[in-house]
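Step one of this worksheet: look at the structure below.
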Amino acid sequence: MADTSKLFNDKSDLYARARPQYPAELFSFIRTLVPHAHTVWDCATGNGQAAIGLSKVFEHVYATDISDEQIANHLHAKNITFSVSPAERTNFSDNMFDLVSVAQALHWFDFDKFWPEVRRVLKPNGAFITYGYSWFSVTPEIDALVENKVMSVVEPYWAPNNKLIIEGYKDVTFPFEKLGVPNFNIKVEWNFDQLMNFLHTWSATRRCMDAQGTDFFETARGLLKQAWGDPEDVKTATSPLIIIAGYPNYRDKS
């Protein structure tokens, strides 16, 4: 298991600026999963991108992350309480939450310890949902350059954990019957520097830089800048969301 606290401490301020926000429609859907919206645990919150969306449909959000640097760079809302905690062991009370939410992080967890913790802190009719994204598409030319000049170079440096989300969590065993969920896309409006910042936040990019230096990234930057045109021009980048939801404690009622 990768040391995720160290991995996401690195460049946490850049992560806070570069990572995209989730669509409001996703959180409206999440609210429909539970009869009450008093409390929600946003597990592995990072700097709080999902916590902000959850704060608009739940009375109070408890947002945790294993990285103290990520928490130090968190976004702000009055009804969010941020704290440092591993996903698998928290100080939350039993049956505390209406819903447990994990955005772009499930692949880092120790499942044998995480699922019992989810069941412990969820109310009897509480729901679990995880969601995330893989690659973003901008234009065919830019997509091809990202694939050939960045993704193909950093591919050997992805942790095995990352492959779980890249493959849509198909190899993760969920302790509940999966619900049918709508299709959502996550869209961002990026200028050129925002695109490059996003590519820089990839853990594989940082590992590759540590091993090979930054020349490959600077080469990619030059080619992508030429394809982008005016660096201040804003382009739409789109990725389908991977969403899996269910009711973990329903199994205990049988």
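Any read-out appearing in this document is the output of simple, stated calculations on the displayed coordinates, not a laboratory observation. These numbers were taken from a predicted model, which means no experiment stands behind them. Glycine gets a Cβ as well: all are built from the backbone with ideal geometry, and neighbour counts include every protein chain shown.
Here are a few things to note about the model shown:
- Simple spin-label estimate for Asn95 and Glu189 in nanometres, 7 Å along Cα-Cβ: 4.7
- When you restrict to C-alpha pairs under 8 Å that are six or more residues apart and normalise by the size of the stretch 52-96, the relative contact order lands at 41 percent.
- Paramagnetic reach from Ala24 in the stretch 36-70 [backbone N under 18 Å; point 7 Å along Cα→Cβ]: 49-59
- Pairs beyond 28 Å (Cα-Cα), from Lys78/Lys123; Lys187/Lys225; Lys123/Lys187; Lys149/Lys235; Lys78/Lys163; Lys123/Lys178: Lys123/Lys187; Lys78/Lys163
- Among beta bridges that DSSP assigns inside the chain, antiparallel share in %, nearest 5: 40
- Going from the residue with the fewest nearby Cβ atoms within 10 Å to the one with the most, Asp68, Asp143 rank Asp68, Asp143.
- Rounded to whole Hz, the Karplus (6.51, -1.76, 1.60) HN-Hα couplings of the stretch 214-228, x for glycine and proline: 9, 4, 4, 6, 5, 4, 4, 4, x, 5, 5, 5, 5, 6, 6
- Anisotropy class of the stretch 130-180 from Cα gyration tensor, a/c 1.5 cut: oblate
- The phi torsions of the stretch 164-173, fed into the Karplus equation with coefficients 6.51, -1.76 and 1.60 and a -60° offset, translate into couplings of 4, 6, 4, 9, x, 6, 5, 9, 8, 8 Hz, rounded to whole numbers, with Gly and Pro shown as x.
- R0 of 35 Å, Cβ-Cβ distance His60-Thr219: FRET efficiency to nearest 0.05: 0.15
- Taking the Cα centre of the stretch 4-253 as reference, the dipole from Cβ charges on Lys and Arg (+1) and Asp and Glu (-1) amounts to some 600 debye.
- Computed over the stretch 34-149, Cα set: Rg, Dmax in Å: 15.9, 51
- Ordered by the count of other Cβ atoms within 10 Å of each Cβ, fewest first, Leu179, Leu33 give Leu179, Leu33.
- With both labels modelled 7 Å from their Cα along Cα-to-Cβ, the His76 to Gln226 distance reads 4.4 nm.
- Take each peptide in 166-174, 151-159, count the other Cβ atoms within 10 Å of every residue, and average; sorted highest first, the result is 151-159, 166-174.
- Gain in span if fully extended, Thr32 to Thr173, counting 0.36 nm per residue against the direct Cα distance: 48.4 nm
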